[in-house]
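First comes the structure, then the notes that go with it.
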Amino acid sequence: MHELHDENIDWRSVCPISSGLDVLGDKWSLLIIRDLIMHGDRTYSQLLASPEKISTNILASRLELLAYLKLVERVRPEGAPRNNAYRLTEAGAALRPMLEALGKWADTYLSEFNSTMVKMD
């Protein structure tokens, strides 16, 4: 893996919403956060087994980005990334209300378009 630096992130503007989307707006980052919220610590293999079928290279790059941004961390920092578990940091756990709100919104406004969607409690 290559080392990330601030200049590796393509910040589109100074807007906080845009900046948030620059790092969380891809289709995988929030699903990784979701799995860690729902299941607690997860290994690379467990994250890879998520039903959305993330590819190994995408998972590795997203975990690297999320760790760089201090949203996730390895349980044993000295251990190899693939044989290690990941957990949310305080900043990552702070995304829970936003994810719950997104789920409730989708449940209310998208369920008629996706008949297989699981209902939120």
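The values are calculated or read from the model by the stated rules, or taken from the named source; none is laboratory data. Please read these numbers as outputs of a predicted model, since none were measured by experiment. In this analysis, Cβ positions are derived from the backbone assuming ideal geometry, glycine residues included, and neighbour counts consider all displayed protein chains.
Can you tell me which residues in the range 6-18 are part of a helix (DSSP H, G or I) and either surrounded by fewer than 11 Cβ atoms within 10 Å (Cβ to Cβ) or modelled with pLDDT under 90 (or both)?
First pass over the range 6-18, keeping only residues part of a helix (DSSP H, G or I): 6-8, 16-18.
The answer is Asp6, Glu7, Asn8, Pro16, Ile17.
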What are the residues in the range 24-67 that are under 18 Å from Gly103 (Cβ atoms), among the small types (Gly, Ala, Ser) and surrounded by fewer than 14 Cβ atoms within 10 Å (Cβ to Cβ), if any? Gly25
Could you figure out which of (1) over 13 Å from the mean Cα position of the chain (by Cα); (2) in contact (Cβ under 8 Å) with a residue 60 or more places away in the chain isn't true of Tyr109? (2)
Check off (1) touching a residue at least 60 places away in the same chain (Cβ under 8 Å); (2) over 29 Å from Trp11 (Cα atoms); (3) not charged (D, E, K, R) for Leu65 and give me the number that stays unchecked. (2)
Test set (1) without any contact (Cβ under 8 Å) to a residue 40 or more places away in the chain; (2) within 21 Å of Gly20 (Cβ to Cβ); (3) of a type outside the set (Phe, Trp, Tyr) - Val72 fails condition number: (1)
